[in-house]
1. Could you estimate the translational diffusion coefficient of segment 23-65 from the Stokes-Einstein equation, with Rh from the Kirkwood formula over C-alpha pairs, at 20 °C and 1.002 mPa s, in whole µm²/s?
2. Angle between the Cα long axis of helix 178-191 and the longest principal axis of the chain, 0 to 90 degrees, nearest 10?
3. At a 1.4 Å probe radius, carbon and sulfur cover how many percent of the accessible area of segment 8-192?
4. Based on DSSP loop calls and a cut-off of at most 15 other Cβ atoms within 10 Å, the longest stretch of the chain free of exposed GluC sites (Glu not before Pro) is what?
5. When the helix-only estimate is applied to the chain (DSSP H runs of n ≥ 4, each -39,500 (n - 2.57), divided by the residue count), what is the mean residue ellipticity at 222 nm, nearest 500 deg cm²/dmol?
6. Calculate log10 I(q)/I(0) of segment 81-122 for q = 0.15, 0.26, 0.28 Å⁻¹, where I(q) comes from the Debye formula with a single equal point scatterer on each Cα and nothing for solvent.
7. Roughly how many whole Å is it from the C-alpha centroid of segment 52-97 to that of segment 111-136?
8. Would you kindly work out the equivalent ellipsoid of segment 8-192 from its C-alpha gyration tensor and give its semi-axes, the square roots of five times the eigenvalues, largest first in whole Å?
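The values are calculated or read from the model by the stated rules, or taken from the named source; none is laboratory data. Note that the structure is a prediction, hence the values are computed from the model and not measured. Backbone-built Cβ (ideal geometry, glycine too); neighbour counts: all protein chains shown. Calculation scope for accessible area: heavy atoms of the full protein, side chains included, ligands and nucleic acids excluded. Shrake-Rupley method; radii C 1.70, N 1.55, O 1.52, S 1.80 Å.
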Amino acid sequence: MELRGKKHCVVIIDMLNDFIGEKAALRCENGEKIVPKIQELIQFAHEHNIQVVHVQEAHRKNDRDFRVRPVHAVKGTWGSEFIPELQPDETKGDYVVQKRRHSAFSYTDFDLFLREEEIDTVVLTGVWTNVCVRSTASDALYHGYNVICISDATASQDDDMHVSGLRDMDIFGDILSTESYKKLAKKKFSQDESVV
């Protein structure tokens with residue numbers, strides 16, 4: 001297998017206090033297990049000059065989303081902050097996209113940023129696989145990007161939800177493990193220095 005695309009971006013979706021950890025308002029327990037894999041991918045991306053984007057749910061106080069889900073990740077609160085283990089590193093070029101809907105593309109500057117950086121492939125990680133990761137993947141496809149989802153660096157509340165999200169994305173994207181992505185990316189990018 002050969003990875004698609006000429007320039008990749010590792011995207012970390014909603015690894016925030018209100019999703020990860022015992023005090024989280026919408027806790028995704030399985031999300032705690034993927035932190036090491038995401039850290040591994042971030043380190044790999046930094047070492048290989050691959051863009052890293054942290055997506056941050058940041059709702060307004062009376063957000064319409066709260067009509068169907070509990071209040072969570074309100075902009076400016078502890079719940080909307082990134083977990084300590086996965087803080088963006090601006091010194092290494094990490095970029096933050098704030099969103100109020102499931103998809104990182106919905107009413108944000110994510111698409112504009114990717115186009116400015118000439119990125120054509122998104123590598124998705126984070127929570128929840130069947131909600132925000134899946135929505136972002138669909139919108140990435142609609143905007144003309146290649147989609148890669150990292151199966152062991154994404155999570156949902158339970159395995160059924162996780163597998164359901166992966167199955168949907170497998171229709172139009174590539175589903176890879178962290179190790180498989182790193183191996184294929186090393187091979188691809190060493191052959192095409194214009195990518196990195």
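1. The Stokes-Einstein estimate is 164 µm²/s.
2. So the inclination is approximately 40 degrees.
3. 46
4. Between the exposed loop sites, the longest stretch runs 119-192.
5. On the way: 5 runs with 54 residues, N = 196.
Counting only the DSSP helices, I get -8500 deg cm²/dmol.
6. -0.45, -1.07, -1.11
7. Here the answer is 15 Å between Cα centres.
8. Ellipsoid semi-axes (Å, largest first): 24, 17, 16.
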